[in-house]
Amino acid sequence: MIEIKEVSLIIDKREILKRINLVLEKNQIYGLVGKNGSGKTMLMKCICGFVRQTAGEIRVDGKRIGTDIDFPEHTGIIIESPGFIPYYTGFQNLRFLAGINHRIQDADIRDALLQCGLDPDLKLAVRKYSLGMRQRLGIAQAIMERPRLLILDEPTNGLDHQGVEEIRKLVLHLRETGTTILMASHNAEDIQILCNSVWEMANGELIEYRKTV
């Protein structure tokens, strides 16, 4: 699903990523762990085409990011804090986003919201959402088009215990239905429970690999 070869990234003369090599197979959940600033989020941004690497290449489903395509196809993403139109409801926000690709209908949006524990009929502007509700909405936008690849940066951030359990069950269900997932989390339980394989990053390098399941 993802093939990363000798990827390096330099920003303002600082080496952010250092010769990353990584292969991710389909229908697995992969974890990235490491301290803040280790390079996890920046590597995800390079995979998504949001940041162009200085050297090396990234292929998703055989297509080279930045050459064959600018953005990986059939990919859902939540990286850092997702932005929404504050005076729209959650459903209205997702309907607006769905209008970009025209792949799904209102029923699909409602289903994604329900899967993430949100009421699609809630008449509450997103500006009034709690942190946990915003996180659930971010995950809903990532999964609503039924992506083949899902990239999640701290997916359980801001969720209470029940919310964490619900999102973990959702992630496992998505893997069972054919989604490949790459996630970064500071929650050790998320990594242990969800991930088939884990890489640790430090100072822009992959320093350790371990199989968890």
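Here is a yes/no grid of residues against (1) in contact with a Leu (Cβ under 6 Å, 6 or more places away or on another chain); (2) at negative phi; (3) open to solvent by 30 Å² or more (accessible area, probe 1.4 Å); (4) in contact (Cβ under 8 Å) with a residue 60 or more places away in the chain:
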{"residue": "Gly34", "(1), (2), (3), (4)": "no, no, no, yes"}
{"residue": "Gly56", "(1), (2), (3), (4)": "no, no, yes, no"}
{"residue": "Arg64", "(1), (2), (3), (4)": "no, yes, yes, no"}
{"residue": "Gly76", "(1), (2), (3), (4)": "yes, yes, no, yes"}
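Among (1) open to solvent by less than 70 Å² (accessible area, probe 1.4 Å); (2) closer than 29 Å to Gly31 by Cβ, which single condition is Leu124 missing?
(2)
Got at least one residue in region 103-120 being in contact with a Ser or Thr (Cβ under 9 Å, 6 or more places away or on another chain) and surrounded by fewer than 16 Cβ atoms within 10 Å (Cβ to Cβ)?
Within region 103-120, none of the residues are in contact with a Ser or Thr (Cβ under 9 Å, 6 or more places away or on another chain) and surrounded by fewer than 16 Cβ atoms within 10 Å (Cβ to Cβ).
Based on what the data block shows, is Glu6 modelled with pLDDT of 95 or more, under 30 Å from Gly178 (Cβ atoms) and surrounded by fewer than 18 Cβ atoms within 10 Å (Cβ to Cβ)?
Details: modelled with pLDDT of 95 or more: yes; under 30 Å from Gly178 (Cβ atoms): yes; surrounded by fewer than 18 Cβ atoms within 10 Å (Cβ to Cβ): yes.
Spelling it out, Glu6 is indeed modelled with pLDDT of 95 or more, under 30 Å from Gly178 (Cβ atoms) and surrounded by fewer than 18 Cβ atoms within 10 Å (Cβ to Cβ).
Which one of Ile207, Ile193 is surrounded by fewer than 21 Cβ atoms within 10 Å (Cβ to Cβ), in a strand (DSSP E or B), β-branched (Val, Ile, Thr) and at pLDDT below 95?
Details: Ile193 fails: in a strand (DSSP E or B).
Among Ile207, Ile193, only Ile207 is surrounded by fewer than 21 Cβ atoms within 10 Å (Cβ to Cβ), in a strand (DSSP E or B), β-branched (Val, Ile, Thr) and at pLDDT below 95.
Scan region 144-193 for residues that are at positive phi and in contact with a helix residue (DSSP H, G or I) (Cβ under 6 Å, 6 or more places away or on another chain) and report the count. Spell out the reasoning first.
Of all residues in region 144-193, those at positive phi come to 146, 154, 158, 178.
Now restrict to residues that are in contact with a helix residue (DSSP H, G or I) (Cβ under 6 Å, 6 or more places away or on another chain): 158.
Going through region 144-193 one residue at a time, the tally reaches 1.
For the structure I just gave you, tell me whether Gln141 is among the polar types (S, T, N, Q), open to solvent by 20 Å² or more (accessible area, probe 1.4 Å) and in contact (Cβ under 8 Å) with a residue 40 or more places away in the chain.
For Gln141, the condition - among the polar types (S, T, N, Q), open to solvent by 20 Å² or more (accessible area, probe 1.4 Å) and in contact (Cβ under 8 Å) with a residue 40 or more places away in the chain - is met.
Can you tell me which residue within region 78-102, out of those that are of a type in the set (Val, Ile, Thr) and surrounded by 14 or more Cβ atoms within 10 Å (Cβ to Cβ), is farthest from Arg148 (Cα to Cα)?
So the residue we want is Thr89.
From the list Ile69, Ile11, Ile78, Ile85, exactly one residue is over 21 Å from Glu200 (Cα atoms) and in contact with a helix residue (DSSP H, G or I) (Cβ under 7 Å, 6 or more places away or on another chain). Which is it? Let's see the steps before the verdict.
Working: Ile69 fails: in contact with a helix residue (DSSP H, G or I) (Cβ under 7 Å, 6 or more places away or on another chain); Ile11 fails: in contact with a helix residue (DSSP H, G or I) (Cβ under 7 Å, 6 or more places away or on another chain); Ile78 fails: over 21 Å from Glu200 (Cα atoms).
Just a single option satisfies the conditions, and that option is Ile85.
The values are calculated or read from the model by the stated rules, or taken from the named source; none is laboratory data. If you're wondering where the values come from, they're calculated on a predicted model, not measured in any experiment. All Cβ positions, glycine included, derive from the backbone under ideal geometry; neighbour counts span all protein chains shown. Quick note on the areas: whole protein, heavy atoms, side chains included, nothing else; ligands and nucleic acids left out. Shrake-Rupley method; radii C 1.70, N 1.55, O 1.52, S 1.80 Å.
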